[in-house]
Amino acid sequence: MNHVKFLSIIVVSMLLITCSAGIISAKNDKVTDTLKLEEKYKLHLEEVSVDGDKIWLQLIQKNNVVDDLIVSEGEHFEMYDDEDLIVVGNCTTIAVGLQSYLIKLTDLKQYDENGNMIFSQEIVLLETKKVKNKHS
């Protein structure tokens, strides 16, 4: 494990211990796998790769997945509803814990169908529980 990734895990862990959950997500009171956005959209962390280096994000509107993609740590991403750009952001950290994964997204922005920014958040933390290996 490289030093930067190890330090990132330590920093995120300390952040979770010392910060109130209210600043983690603008619309939720706790760390969760889904961020509620404007216009009935949600950004959902569906899964983390076994190696902990990639995440599967889904953009959902009214319970329908309108876009999904695989994002690597350190990668910029864009999500669309048909041809309309809806969400952009950066996946800056994928931290692996004993029972869950913690994902840090930065510079998250949501746009309406006319290209106007309607939501912005500097830091978003999403968490998902680890799935136990069924073959163990």
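Average 1/r across all pairs of distinct alpha carbons in the stretch 37-136, invert it, and you get the Kirkwood radius: 14.0 Å. If the segment from L98 to D53 were pulled out straight at 0.36 nm per residue, it would be longer than the present Cα-Cα gap by 14.6 nm.
Taken along the Cα-to-beta-carbon direction at a fixed 7 Å, the label points for D68 and I123 span 3.0 nm.
In this structure the stretch 63-136 gives 61 Å² per residue of accessible area when probed at 1.4 Å with all protein chains present.
The values are calculated or read from the model by the stated rules, or taken from the named source; none is laboratory data. Keep in mind the model is a prediction, meaning the values are calculated, not measured. Here the Cβ is made from the backbone with ideal geometry for all residues, glycine too, and neighbour counts use every protein chain on show. Remember, those area values only see protein heavy atoms, side chains included, never the ligands or the DNA or RNA. Shrake-Rupley method; radii C 1.70, N 1.55, O 1.52, S 1.80 Å.
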